[in-house]
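The values are calculated or read from the model by the stated rules, or taken from the named source; none is laboratory data. Predicted model, so just to flag it, every value in this text is computed and none were measured. Positions of Cβ are generated from backbone atoms using ideal geometry, with glycine treated the same way; all protein chains shown enter the neighbour counts.
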Amino acid sequence: MLLGMSFALATTLAGPTRAFDINAGVTKESGPFDLFKFGFKAYKNGQKEEAVEAYKYAAEKGHTGSRWALANMYAYGDGVAQDDFAAFKIYSDIASQGVEPGSEDTGFFVNALLALANYYKRGIPGSPVKTDLSQARQLYFQVASTFGVAEAQFQLAQMMLAGEGGAANVQQAKKWLNQARKGGHPGAMAVFGNILFQEGQTTRGLAFMTAALDKCNPKDCGWMESLQEQAFSIANENDRRGAVALARDINLSSSD
C-alpha cells in the first residue's frame, strides 16, 4: 500500500534540527557513513537529538543503516516522540528498495520487512495503515522462507494455526514451528510442544514445553508457563518424569 512512499515525508516529522558540535569534525555535508558513525556514537553517549540529526542527513544521502536506526527511534519513542506512522514510512522505503544477495544491508532489509509485517498485523490507529492480515502473512512468509529468520517462522506459524490472513494449516504451521525452535526460538518450542501434546505425543510434547521455560524472555515466560502447567497437570507421573529428563537433553543438545 505505502511501500513506494518517499522517505522525505518521514524526515520532516522531527521538526527543526540542531547544529552539530563544531568540534566533532562532522557537518551535514559530510559523507553518509561519517554521519552514521557520528550518529551512532552520539546515541551511545545519550545525545539522542544529535543522533537523530545525523541519521536524518545520512538517510537523505541513501544510507540504509541510518534509515533503519531512525525508524527504530520513531517506533520506540527513543529520543523522539513515538510515531509509528513515521517509522512505517521509513521501513517501507527500505523495503521498497530491495536488497542485493550478500549485501551488507540485508539485515536492515529483513528487519524492515518484519516491522512492516507487525504493523500490518495490528494496524496503526489514526493513520492510513489498517490491519491487513493477508499482507502480514505474506511478509512473514517472505522473511521465513527466503532468510530463515526464526521470529518470522514463528509468527507465520501462529497465523497459520489461527487461520489469519489465509487458510488454517496445522501441518505447515508445525513445519515452521519446528524450524523456528531449531533456530532457538523459545516460543516456537513451546507451541510446537503443545501441538505434539494435543496430538497424543504426551512425553515429547511436554518435554518441549518444559525446555522452552529455560530459554524464554521474561515478557513471554507467562504464557509459556501457563501452557506447560496445564499440560503438566493432566499428564501422568511417568510422562512427567520422562518429559523432565527429555527436556534436559533437548536444552543440552541445543546449546552445543
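Restricting the first member to the stretch 166-179 and to residues that are basic (Lys, Arg), and the second to residues that are surrounded by 18 or more Cβ atoms within 10 Å (Cβ to Cβ), the beta-carbon pairs closer than 7 Å and six or more apart or on different chains are 174/192; 174/195. Being farther than 30 Å from residue 166 by Cβ and in contact (Cβ under 8 Å) with a residue 60 or more places away in the chain is a condition met by at least one residue of the stretch 75-82.
Every listed requirement among (1) in contact (Cβ under 8 Å) with a residue 40 or more places away in the chain; (2) surrounded by fewer than 22 Cβ atoms within 10 Å (Cβ to Cβ) is met by residue 150 save one, (1).
Yes/no per residue for (1) surrounded by fewer than 20 Cβ atoms within 10 Å (Cβ to Cβ); (2) farther than 24 Å from residue 88 by Cα; (3) at pLDDT 60 or above; (4) not acidic (Asp, Glu):
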| position | (1), (2), (3), (4) |
| --- | --- |
| 6 | yes, no, no, yes |
| 13 | yes, no, no, yes |
| 22 | yes, yes, no, yes |
| 29 | yes, yes, yes, no |
| 40 | yes, no, yes, yes |
| 46 | yes, yes, yes, yes |
| 51 | no, no, yes, yes |
| 55 | no, no, yes, yes |
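Name the single residue that is farthest from residue 92 (Cα to Cα) among those in the stretch 62-81 being in a helix (DSSP H, G or I) and among the aliphatic types (A, V, I, L, M). Among those that are in a helix (DSSP H, G or I) and among the aliphatic types (A, V, I, L, M), it is 73.
Filtering 207, 212, 180, 190 for residues that are buried (at least 24 other Cβ atoms within 10 Å of the Cβ) and over 23 Å from the mean Cα position of the chain (by Cα) leaves a single hit, 207.
Counting only helices (runs of 4 or more DSSP H) that fall entirely inside the stretch 137-256 and contain at least 2 residues that are modelled with pLDDT of 95 or more and of a type in the set (D, E, K, R), the qualifying elements are 170-182, 218-234, 237-254. Being over 12 Å from the mean Cα position of the chain (by Cα), in the same structural domain as residue 31 (by TED's automatic domain parsing) and surrounded by 23 or more Cβ atoms within 10 Å (Cβ to Cβ): is that true of residue 117 here? Answer is no for this residue. The set of residues from the stretch 83-116 being assigned to a loop (DSSP other than H, G, I, E, B) and in contact (Cβ under 8 Å) with a residue 24 or more places away in the chain comprises 83, 105.
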